[in-house]
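The values are calculated or read from the model by the stated rules, or taken from the named source; none is laboratory data. Because the structure is predicted, anything quoted here is derived from the model rather than measured. Here the Cβ positions follow ideal geometry from the backbone for every residue, glycine too, while neighbour counts run over all protein chains shown. Side chains are part of the model used for accessible areas, which takes the heavy atoms of the whole protein and leaves out ligands, DNA and RNA. Shrake-Rupley method; radii C 1.70, N 1.55, O 1.52, S 1.80 Å.
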Amino acid sequence: MAGGAIRRTRFAPSPTGLLHLGHAYAALVAEREAGPGQFLLRIEDIDRDRCRADHETAIYEDLAWLGLRWQRPVMRQSDRMAAYGDALSVLAPLTYPCRCRRGDIRAALSAPQEGALPAGPDGLIYPGTCRGRSLSEAGPDDVIRLDVGRAFDALDLDRIVFRDEAIMPGHDHSLSRDQFLDGIGDVILSRRGMGTSYHLAVAVDDAAQGITVITRGKDLFDSTYIHVLLQKLLQLPTPLYHHHRLIRDAAGKRLAKRDDARAIRHYREDGATPQDIRRMLAF
């Protein structure tokens, strides 16, 4: 990011449940890291089967109660399917259709090896079973995967690199081609019934919103390599990153949306104040 450029951050929740303390922390970090710049909100609602309008309304209400203010208008991913389709068209020469289900992948990885199966940011690492298929063979139930090896070849790169402000500031975090293939694999760019995937939508939307600093939890650190690869393939800028700590329960487990007892809405109903929430988060 050029010196003196306006910092622009975003908080991008999915309306699949009530926001909890972990979301509150992520939103507060994003606003703080914007400094005197701009803090944006994006609603990531590509999973139409799980997203609900009342949860989206609750997002706005809870964030406003916390004292957060964001730029308007709010971007909603469900309005941007054409942009994702355009990105998929650009990447088409490097993609292939995949008919494999989780059980197929597990079976392919299980034989003949023993022990734990290799897993990456999206679960079990895809072994490339359908890699030889052409897009012309794609069926309605297929997902579209990126052929990562061909993607690296197209870019003439041997590694993906990004900078993080929170983890080893000033240090280049990098992943080689072989490490990417072994630790992440051929990622899905379009899921069944969605027309896109989290990874593709995030890469496209961050560029569209002009985000200069992406704040996110440390659990998404490996996913950042995927997004940087897609940025390069789509000729989009690579911003700075800020991977922050995660909010965990007393047992050390990361909070999830099923942890309703820690939902911001419930704290509000019990009489907590925004300052109480900030103190709980050591913010």
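Miscellaneous remarks
- The condition of being assigned to a loop (DSSP other than H, G, I, E, B), open to solvent by less than 30 Å² (accessible area, probe 1.4 Å) and within 22 Å of His243 (Cα to Cα) holds for Pro13.
- Within the set Asp206, Asp222, Asp186, the sole residue that is under 23 Å from Asp47 (Cβ atoms), in contact (Cβ under 8 Å) with a residue 12 or more places away in the chain and in contact with a Lys or Arg (Cβ under 6 Å, 6 or more places away or on another chain) turns out to be Asp186.
- Looking only at the range 112-154, and only at residues there that are within 25 Å of the chain's Cα centre (by Cα) and on the phi > 0 side of the Ramachandran plot, the one that is surrounded by the most Cβ atoms within 10 Å (Cβ to Cβ): Gly128
- Looking at Leu66, Leu94, just one residue is at pLDDT 95 or above, under 28 Å from Pro36 (Cβ atoms) and in contact with a Lys or Arg (Cβ under 9 Å, 6 or more places away or on another chain), and that residue is Leu66.
- Subset of the range 163-220 that is farther than 20 Å from Ala151 by Cβ and in contact with a Gly (Cβ under 9 Å, 6 or more places away or on another chain) - its residue that is most open to solvent (accessible area, probe 1.4 Å): Arg163
- Options Leu28, Leu41, Leu63, Leu109; residue that is under 16 Å from Ala12 (Cβ atoms), without any contact (Cβ under 8 Å) to a residue 40 or more places away in the chain and either within 19 Å of the chain's Cα centre (by Cα) or assigned to a helix (DSSP H, G or I) (or both): Leu41
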